[in-house]
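See structure below.
The values are calculated or read from the model by the stated rules, or taken from the named source; none is laboratory data. Just so we're clear, the structure is a prediction, and the values are computed from it rather than from any experiment. Counting neighbours? That spans all protein chains shown, and the Cβs are built from the backbone with ideal geometry, glycine included. Quick note on the areas: whole protein, heavy atoms, side chains included, nothing else; ligands and nucleic acids left out. Shrake-Rupley method; radii C 1.70, N 1.55, O 1.52, S 1.80 Å.
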Amino acid sequence: MPGSAQANGEATWPKDVGVIALEIYFPSQYVDQAELEQFDGVSAGKYTVGLGQARMGFCSDREDINSLCLTVVQRLMERNGLSYDQVGRLEVGTETIIDKSKSVKTVVMQLFEESGNTDVEGIDTTNACYGGTAALFNAVNWVESSSWDGRYALVVAGDIAVYATGSARPTGGAGAIAMLVGPNAPLAFDRGLRGTHMQHAYDFYKPDMASEYPVVDGKLSIECYLSALDRCYSVYRNKIHAQWQREGVDKRFSLEDFGYMVFHSPYCKLVQKSLARLVLSDFLSHPRPNTETGPFSGLEAFREVKPEETYFNRDVEKAFMKASTEMFDQKTKASLLVSNQNGNMYTPSVYGCLASVIAQHTPQHLAGQRIGLFSYGSGFAATLYSLRVSQDATPGSGLDKICASLCDLKARLDSRRKVSPAMFAENMQLREETHHLAPYVPQGAVEELFHGTWYLTRVDEKHRREYSRCSLNDDLPLEAGLVNSTTATEHIPSPVKKMPRLPASTAGPEAVTVSNGDH
């Protein structure tokens with residue numbers, strides 16, 4: 001049973017620590033990228049073909065980072081029948097900062113008040129798009145440490161990605177991911193297999209605390225991303241070779257050993273180029289690549305290239321994108337559903353890609369696969385690591401449950417409301433003019449939000465924020481999986497032997513209100 005501790009209670013290393021449950025939230029409205037091309041007066045295909053984006057989700061002034069995280073946490077808890085006293089660690093990864101001192105995690109703790117559980121470790125983690133991964137690593141490390149008390153860890157990654165008018169604006173998006181972490185997980189971490197690279201660069205940063213908009217050096221950002229990918233993959237490959245050698249396995253690691261490979265996705269076309277980049281790395285590291293047949297066919301002219309000199313080499317890029325086409329279709333394309341339809345969510349981006357893979361495959365197809373994940377955050381920090389999918393795909397298994405909880409993902413994306421580019425631009429202007437304004441009452445229409453969504457009701461003169469939750473209305477067609485999922489009423493037991501009580505139903509009227517507190 002996912003999350004169950006060993007029956008003998010011995011102080012042994014928990015087995016198969018990883019992701020037990022996963023929930024995703026994105027805004028109820030989007031702008032069409034083809035229509036945005038016309039509105040912005042750019043050439044047709046600039047956003048849709050050049051960037052690989054179809055739709056971009058965005059928030060009105062009714063939503064902020066606190067409301068996104070409140071929403072996704074409560075949905076995960078409700079859909080999996082969890083009690084808040086089953087959680088011993090809660091950590092948030094975000095770069096959407098609305099307070100320089102108070103963490104998003106402390107706001108989310110209001111959901112725990114009814115349970116009486118205040119013994120919850122963890123806090124916010126920030127470094128551009130990498131914060132969610134750092135939070136996830138902290139959660140896994142906690143479960144595998146002497147600090148673990150037998151309860152779950154809960155990881156939240158959320159952001160609102162917005163840009164000033166210009167070429168970067170279509171690479172925005174918004175959303176949040178919540179992940180339940182514990183032992184005996186259907187998505188278990190490969191222990192000891194992480195390749196990390198961290199370095200200083202001003203490729204993307206947010207020095208203006210009065211603005212939501214970042215400062216971006218686009219070309220440098222791509223170079224940092226690709227160089228970090230090269231180095232992380234090299235470190236990962238060396239570590240798995242060493243592990244295999246200790247186990248007596250005599251083989252070379254390559255991309256073929258990943259069932260799926262997912263990436264942090266600023267935009268979809270960069271992900272396709274990134275997979276090609278890893279094929280280049282496999283090619284250059286292979287002592288005797290076959291250039292007559294197979295994936296490296298016809299690539300002998302690139303045998304002596306230096307990776308650090310090829311970030312913007314169009315010949316190399318074109319050749320290896322062609323060479324990796326079949327592999328992209330098999331291992332990565334499915335991961336881009338949320339990225340293509342909702343845009344860049346920053347910290348949740350790579351986990352939206354993971355959710356996309358799970359949503360589009362059966363448990364039987366996923367069972368036993370190794371999934372590679374590359375997480376990147378500007379500034380810059382990056383890690384490439386892997387998850388092993390459980391072999392147990394039987395009905396009722398942990399893998400079956402996590403697949404069932406995400407099987408409606410495409411329907412949820414399709415249920416959103418399309419907004420004109422002009423209205424999108426008006427929303428961006430409103431956010432720009434009212435960012436950090438106090439006192440302030442948001443203007444966005446509450447009735448256009450998904451049911452069950454937390455939203456901002458007011459900001460008082462002391463910048464204290466108050467929130468309410470839209471009612472859970474079973475008659476609404478949007479996100480039917482919230483009430484119809486096979487896992488919605490099935491309880492996941494606590495890892496500890498004593499079973500905490502289940503919370504009372506939270507499906508109440510709209511007038512449920514919480515605030516930032518009075519301190």
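Run the reach check for Lys100 against lysines, Cα to Cα strictly under 24 Å, same-chain hits fewer than 8 apart removed. What comes back?
Straight-distance partners of Lys100: Lys206, Lys462.
Rounded to two decimals, what is Rg over Rh for the range 292-357 when you use alpha-carbon atoms and the Kirkwood radius? It would help to have the intermediate numbers written out before the result.
Details: Rg = 15.2 Å, Rh = 14.0 Å.
Over the Cα atoms of the range 292-357, Rg/Rh equals 1.09.
Just the number, please: percent antiparallel of the DSSP beta bridges in the chain, rounded to the nearest 5. Show your work: numbers first, answer last.
Numbers: 48 of 65 bridges.
So the antiparallel bridges amount to about 75 percent of the total.
On full extension of the chain, what length is gained from Val215 through Lys251, given 0.36 nm per residue of separation minus the C-alpha to C-alpha distance?
Numbers: separation 36, 0.36 × 36 = 12.96 nm, distance 4.46 nm.
Fully extending the segment from Val215 to Lys251 adds 8.5 nm.
Taking N as the number of residues in the range 124-196, what is its alpha-carbon radius of gyration divided by 2.2 N^0.38 Å? Show your work: numbers first, answer last.
Numbers: Rg = 15.6 Å, N = 73, 2.2 N^0.38 = 11.2 Å.
Cα Rg divided by the expected 2.2 N^0.38 Å: 1.39.
Within straight cross-link reach of Lys322, meaning Cα distance under 22 Å, which lysines are found once same-chain residues fewer than 8 apart are removed?
Result set, ordered by chain and number: Lys46, Lys269, Lys273, Lys306, Lys331, Lys333.
For Ser378, list long-range residues whose amide hydrogen, built 1.01 Å from N in the peptide plane, is under 5 Å from its own amide hydrogen.
Residues meeting the amide H criterion: Cys129, Tyr130.
Taking H as built 1.01 Å from N, whose amide H comes closer than 5 Å to the amide H of Val262, not counting residues under 5 places away?
Here the answer is Gly372, Leu373, Phe374, since their amide H atoms fall under 5 Å of that of Val262.
What does the extension gain come out to for Arg191 and Ile97, with contour length at 0.36 nm per residue minus their alpha carbon separation?
Values: separation 94, 0.36 × 94 = 33.84 nm, distance 3.21 nm.
Additional length available on full extension: 30.6 nm.
Measuring with a 1.4 Å probe in the full set of protein chains, what accessible area per residue, in whole Å², belongs to the chain? Write out the running numbers ahead of the final one.
Values: 21100 Å² over 519 residues.
Here the per-residue accessible area is 41 Å².
Taking Cα pairs under 8 Å and at least six residues apart, what relative contact order does the range 328-436 come out at, in percent? Don't skip to the answer; put the middle values down first.
On the way: 96 pairs, mean separation 24.6, N = 109.
Once divided by the residue count of the range 328-436, the mean separation gives 23 percent.
Rounded to the nearest 500, what is the chain's calculated 222 nm mean residue ellipticity when only DSSP H runs of at least 4 contribute -39500 (n - 2.57) each, over all residues? Don't skip to the end; give the middle numbers.
Numbers: 15 runs with 159 residues, N = 519.
Helix contribution divided over all residues of the chain: -9000 deg cm²/dmol.
Taking amide hydrogens as modeled 1.01 Å from N in the peptide plane, which residues meet the under 5 Å criterion relative to Ile20, leaving out close sequence neighbours?
Amide H neighbours of Ile20: Leu180, Val181, Gly182.
Measure off 7 Å from each Cα along the Cα-to-Cβ vector at Glu114 and Asp208, then give the distance between these two points in nanometres to one decimal.
Distance between label points: 4.2 nm.
Using a probe of 1.4 angstrom, how much of the accessible area of the range 134-207 is carbon and sulfur, in percent?
Working: 1130 of 2260 Å².
C and S fraction of accessible area: 50 percent.
For a Förster distance of 35 Å, can you work out the FRET efficiency between the beta-carbons of Asp414 and Arg314, rounded to the nearest 0.05? Don't skip to the end; give the middle numbers.
Working: r = 36 Å, r/R0 = 1.03.
That gives a FRET efficiency of 0.45.
If I take the Cα coordinates of the range 36-98 and project them onto the principal axes, what are the three extents in Å, biggest first?
Reported extents, whole Å, longest axis first: 54, 26, 19.
Beta carbons within 10 angstrom, averaged per residue: use that to sort the peptides 363-371, 335-343, highest first. Working shown, then result.
Details: 363-371: 17.6, 335-343: 26.1.
Highest to lowest by the protection proxy: 335-343, 363-371.
Over the range 349-449, what percent of the accessible surface lies on carbon and sulfur atoms, probe 1.4 Å?
Details: 1940 of 3740 Å².
Taking all protein chains in place, the range 349-449 shows 52 percent carbon and sulfur surface.
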